[in-house]
Structures are given as structure tokens and as C-alpha cells.
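Take a look at the structure below.
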Amino acid sequence: MELTVLVLIAAALFVWALVSARLERADLTAPVVFTAVGAAMAWSGLVDDASPPPGVTTVVEVTLVWVLFSDAARLPLQQLRRDVGRYVRLLGIGLPLTIVFGWGLAAWFFPQFGLWLALLVGAALAPTDAALGIPVVTNPAVPSRIRQLITVESGLNDGIATPVVMIAIAGAATAAGMESAGGPGGAAVELLIGAGVGAAAGAAGGWLLRLARRHGTAAEDFAGIGVLALSLLAYTGALAAGGNGFVAAFCAGLAFGTCAGRRGPAELVFVEQVGGLVSLLVWLAFGAIAVPTMLAHFVPLTIVYAVLSLTVVRMLPVALATIGTGLDRRTVLFVGWFGPRGLASLVFALLALEAIGPASDQAVAVITTTVLLSVLAHGISAAPLAARYGRAAAAAGPEPGGPVPVTPAPSRGLSRKFRAHRPFESRGP
């Protein structure tokens, strides 16, 4: 049975490579396809959703490590000073408000969750995934500052939300009476240790690679593998020190991006490619494990929560956070809507299933429903709304302050439609 599953997974990856462009023109993106493949495996009995296949947890955890590291490392923090106020507002005001609103709504709709599972739902659904809005963040018709705003927010909010998710999982496990649970207090200590270990590993790794390049001792072809190993070193080193490996990976990425120099982004390509591959496997596992859980615990109120999570819970905090930033109402609505829930949210859901077990089934069902709805809604609306917003922005005149270089969005195994060929190609208000 296990060999048959491996054959089908390999075949799905190869077939996707053959027909991905044609399927994407029909709005069948990689998340949709691989989630459907995973669900079909569960439905056919090839995968037992009640007992996930061995190794799934490892794949999920490693995927989150590479996503957190590469997203953080890709952001040129030194070049973001011009619009730093907008980034700080979205991440320092908008993200916490999104978590609080989602937490409160989950506690209201599902009182059986209790404090910690409701927080898990709110925090797990707060991060956005720019990879699911590729037609938005790569379309040169959209003003460069808006594309950069969406990309930077997506690159940092998953790492910022991770500590809250980990504390919520620890609290829920304790509330469920699991003997191995360390409780939220222990989780907070692990976060601090992880942050310190990760920052030290990322800074040292970036500096050493930069020094090796300067002295010609590092083979360029192996640099990407070295960075891949560095991200895992930060993760495993934090675990060995009693810290949180995911926070360590995020902090290591931030430190590496700051210390690696101009060649740093090129050395991240291999990490992103490998991360793209394993992310497809996570979408498949999501379909095989989380989708059956969603169907088994589905209630109509779940759909209502998902719709509100993608609209009011996301858009109202964005509107509040951007007051006084100079963004017009059309832009605020555009940024608020394009906050797709993606890979980070589903990884958090799978980690909750592993750590908490059946007690988290209903909460995972809510997260799963929201992610699936987001994949469909944002996938269908991204290209037409980006084109419409771009035309309106162009009609309003030149972009205030001039265009800025836009950080490439993560592909996560998706195509990069509307990729701008020139970093300053943009028009807008």
C-alpha cells in the first residue's frame, strides 16, 4: 500500500510538470490539484486519515522551516525604509488585530473550543500567503509600492504569528490533559531560546558564506545546499538547546538576509525550489488528512466563519492599521482582500492534529474550510481584480514617491504569472 502511494505521488508531481501551464489557465492551481489528489487517496482508502502515514509530520515541519527561513531571508530589510511606516502598521497593528478578531469570533461561534483552540484558529488563519496571489504581486500594472507591501507583509506575518500558534497548541494540549504538554509558559521560554539560537546561527552563517566568497574558498554551485543546511542547522540547534525550532528558522532567515550580502538572494533559490517541492507534498497531505477531518466535523457555521475570516476579520484590521498612511479607500480594500490563507495556515493545522489529536478536529475543520475557500476565491479573483485595480491606478496618475524595486514573491510550486521584467516597471497613484 505504501509503495502504491509513493508511485501515485511521484506520478502526480510529474504529470503536474507536464500540464501545469494549461491547468492554471483554467484556474486549477497547484494547491487545488494536490489537495484534490490527497483527498482522492483518502477517499479510495489508500491513505488512512485517522492514522497519518509515517514521515508526514517530518515533511510538514521541514516545510515550515524552509518557508519561514526563505520568506524572512528574501526580504531586503535595508531597502524597506521608505515605506517602513506602512509595514510596521500592518504587522504591528493589523496582524495582532486580525488574531484578536479571529480569536474572538471563534470563541463566539464555537464556545466548545475554549480559550486555547479559539486562539489557535485565530492565529493560524492570520498569516497571508503571497504565493496564492501571484497574479497580484507580479503584475506590473499594480503599483510597485502596493505589490511590495503585500509581499513584505506575507513574508513576515507567518513568522510573527508562529509564536502565538505554538503557545495556543501548547495550551490546548495542556487543557486536553496530555501528559507530554509543557504548557504555554514552557512554550514561551522555548520561543525566546529559539529566537536567540536562530539569530546567532543565521548571522554567523551569512557572515561565513560572505567571507568564503570573498576568499574564493566556497564553490558557487554548492552555496544553495549550504544555505539549505543552515536553515536546518538553526532548527535542529534550537531543538537541541530546548528552544522552538520554527521561531529559530524565522530569526535565522532574518539574520542571514541581513548578513549574507548581495549574493544572498541568489543563494536562496535552491532553498525556495526545494521548499516548493515539499509544499506540494504538504498540500497533498492536507487533502488526505485535513479534508476528511473537515468533512467529518462540518457544520454550516464553519462556512460563515470562513467567509468572515477572509473578509471582515482581515479587511477591518487592515483598514484600521492603514489610517493616516495616505492609502485611498480603493487601495485599502485591495490590500485587505488580497490576504490569501495558504501554506502556513495548513501547516499549523497539521501540526495541531499531530500535537493535540482528536480534541483539535473541529478547530482543524474550521482552518481547513477557510484555507480551501481562500484558495478558490483568491485564485479566481487575483488576475481580474489586479488588472482592474491596475487600470484605475494608472488613470489616477504617477505613483507618489516613484516606483520601488519589488521583492520577488515565493512561488511555492506555482507559476509566476505577470512577472515584471524590470524591477521598476510600475504605474499607479
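The values are calculated or read from the model by the stated rules, or taken from the named source; none is laboratory data. Only a predicted model underlies this, so the values are computations on that prediction, with no experimental measurement involved. Using ideal geometry, Cβ is built from the backbone for each residue, glycine included, and neighbour counts are taken over all protein chains shown.
Could you list, in sequence order, the residues of segment 157-178 that are of a type in the set (Val, Ile, Thr) and over 23 Å from Gly198 (Cβ atoms)? Of everything in segment 157-178, just one residue is of a type in the set (Val, Ile, Thr) and over 23 Å from Gly198 (Cβ atoms), namely Thr174. Among residues that are charged (D, E, K, R), under 30 Å from Val227 (Cβ atoms) and touching a Ser or Thr at 6+ places or on another chain (Cβ under 7 Å), Arg341 is included.
Among the residues of segment 174-202, those identified as surrounded by 17 or more Cβ atoms within 10 Å (Cβ to Cβ) and modelled with pLDDT under 80 are Ala176, Ala181, Pro184, Ala187.
Considering segment 107-136 alone, what residues qualify as being more than 21 Å from Ala395 (Cβ to Cβ) and at pLDDT below 90?
Of the residues in segment 107-136, the ones more than 21 Å from Ala395 (Cβ to Cβ) are 107-134.
Correct list: Asp129, Ala130, Ala131, Leu132, Gly133, Ile134.
Among the helices (runs of 4 or more DSSP H) confined to segment 69-134, the ones with at least 2 residues that are of a type outside the set (Gly, Ala, Ser), free of Cβ contacts under 8 Å to residues at least 12 places away in the same chain and surrounded by fewer than 16 Cβ atoms within 10 Å (Cβ to Cβ) are located at 84-89.
Only a single criterion out of (1) closer than 23 Å to Ser374 by Cβ; (2) at pLDDT below 90 is not satisfied by Val47, namely (1). For segment 22-36, the condition holds for at least one residue, the condition being that it is at pLDDT 80 or above, crowded, with 23+ Cβ neighbours inside 10 Å, among the hydrophobic types (A, V, I, L, M, F, W, C) and part of a helix (DSSP H, G or I).
Considering each residue of segment 232-250, count those that are part of a helix (DSSP H, G or I) and in contact (Cβ under 8 Å) with a residue 12 or more places away in the chain, and give that number. The number of residues fulfilling the criteria is 12.
The residues listed here are Gly205, Gly275, Gly245; of these, the one that is surrounded by 20 or more Cβ atoms within 10 Å (Cβ to Cβ) and in contact with a Lys or Arg (Cβ under 8 Å, 6 or more places away or on another chain) is Gly275. Of all residue pairs spaced 6 or more apart or on separate chains, those with beta-carbon atoms under 6 Å, a first member in segment 255-266 that is on the phi > 0 side of the Ramachandran plot and a second member that is surrounded by fewer than 20 Cβ atoms within 10 Å (Cβ to Cβ) and of a type outside the set (Asp, Glu) are Gly261/Arg210. Ile225 passes every criterion in (1) surrounded by 16 or more Cβ atoms within 10 Å (Cβ to Cβ); (2) within 27 Å of Leu6 (Cβ to Cβ); (3) aliphatic (A, V, I, L, M) apart from (1).
Against the conditions (1) within 24 Å of the chain's Cα centre (by Cα); (2) at pLDDT below 90; (3) assigned to a helix (DSSP H, G or I); (4) surrounded by fewer than 16 Cβ atoms within 10 Å (Cβ to Cβ), Arg416 satisfies every one except (3).
Scanning segment 316-328 for residues that are surrounded by 15 or more Cβ atoms within 10 Å (Cβ to Cβ), touching a residue at least 24 places away in the same chain (Cβ under 8 Å) and assigned to a helix (DSSP H, G or I) turns up Leu316, Pro317, Val318, Ala321.
Is it true that some residue in segment 392-409 is closer than 30 Å to Arg82 by Cα, modelled with pLDDT under 85 and crowded, with 24+ Cβ neighbours inside 10 Å? Among the residues of segment 392-409, at least one is closer than 30 Å to Arg82 by Cα, modelled with pLDDT under 85 and crowded, with 24+ Cβ neighbours inside 10 Å, which makes the answer yes.
The residues of segment 258-275 that are within 15 Å of Gly224 (Cβ to Cβ) and assigned to a helix (DSSP H, G or I), listed by number, are Gly264, Pro265, Ala266, Glu267, Val269, Phe270, Val271, Glu272, Gln273, Val274, Gly275.
Let's see how each residue does on (1) closer than 14 Å to Ala124 by Cα; (2) basic (Lys, Arg); (3) in contact with an Asp or Glu (Cβ under 7 Å, 6 or more places away or on another chain):
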position	(1), (2), (3)
Gln273	no, no, no
Pro300	no, no, no
Val304	no, no, no
Leu310	yes, no, no
Pro317	no, no, no
Ala344	yes, no, yes
Val375	no, no, no
His378	no, no, no
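Would you be able to say whether some residue in segment 331-350 is over 20 Å from Glu153 (Cβ atoms), in a helix (DSSP H, G or I) and touching a helix residue (DSSP H, G or I) at 6+ places or on another chain (Cβ under 8 Å)? Yes, segment 331-350 contains a residue that is over 20 Å from Glu153 (Cβ atoms), in a helix (DSSP H, G or I) and touching a helix residue (DSSP H, G or I) at 6+ places or on another chain (Cβ under 8 Å). Scanning segment 219-236 for residues that are over 23 Å from the mean Cα position of the chain (by Cα) and over 21 Å from Arg74 (Cα atoms) yields a single hit, Ala219.
Just to be sure, is Gly428 surrounded by 18 or more Cβ atoms within 10 Å (Cβ to Cβ), at positive phi, among the small types (Gly, Ala, Ser) and modelled with pLDDT under 90? Talk me through it step by step, then tell me what you get.
Values: surrounded by 18 or more Cβ atoms within 10 Å (Cβ to Cβ): yes; at positive phi: yes; among the small types (Gly, Ala, Ser): yes; modelled with pLDDT under 90: yes.
It is true that Gly428 is surrounded by 18 or more Cβ atoms within 10 Å (Cβ to Cβ), at positive phi, among the small types (Gly, Ala, Ser) and modelled with pLDDT under 90.
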